[in-house]
Amino acid sequence: MARMVSARHRVPSVLSKRACFAGVVTILTIAGQAGATEAPYTCSGGAKLTARFSPPGTEMGTVALIFATGETITLPQVISADGGRYAGNGVEFWIKGRSATLTRNGVSETCSTK
């Protein structure tokens, strides 16, 4: 069971300060992962997902994209000059502020957080 804590706790650097201060990020304790971060997204193609980011201090950053359909895709963090970018196996999730671009097999859609 997740426990909500203050949004003033450290947030992974992959999320912009704008997103954090806009209240769109929920800091959770998830199955022993203190400080893990989640953000819900709705995409232009109709997909609804929750992005669950690895906790701060994790050696290699990851995001688990948990779709409303039950599908889960876990992606490693990759180098980005702007925003947080996760990619692997034909899937990319690139966050910039309150928006993200989800690309699967060459097809992109814009996603926004609530």
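Considering only residues of the range 39-79 that are part of a loop (DSSP other than H, G, I, E, B) and either among the hydroxyl-bearing types (Ser, Thr, Tyr) or touching a Pro at 6+ places or on another chain (Cβ under 8 Å) (or both), which is nearest to VAL107 (Cα to Cα)?
Here the answer is SER44.
Mind checking which residues of the range 90-107 are closer than 19 Å to ILE79 by Cβ, in a strand (DSSP E or B) and more than 13 Å from the chain's Cα centre (by Cα)?
Within the range 90-107, VAL91, THR103 qualify.
Out of everything in the range 37-61 that is among the β-branched types (Val, Ile, Thr) and in contact with a Lys or Arg (Cβ under 9 Å, 6 or more places away or on another chain), what residue ends up being surrounded by the most Cβ atoms within 10 Å (Cβ to Cβ)?
Out of the qualifying residues, it is THR37.
Hey, could you check the range 84-109 for residues that are surrounded by fewer than 16 Cβ atoms within 10 Å (Cβ to Cβ) and touching a strand residue (DSSP E or B) at 6+ places or on another chain (Cβ under 6 Å) and say which is farthest from SER44 (Cα to Cα)?
Out of the qualifying residues, it is GLY88.
Readers should treat all values here as calculations from the given coordinates under stated rules, not as data from a laboratory. Given the structure is predicted, the values throughout are model-derived calculations rather than measurements. Cβ coordinates were reconstructed from backbone atoms using ideal geometry, including for glycine residues, and neighbour counts include every protein chain displayed.
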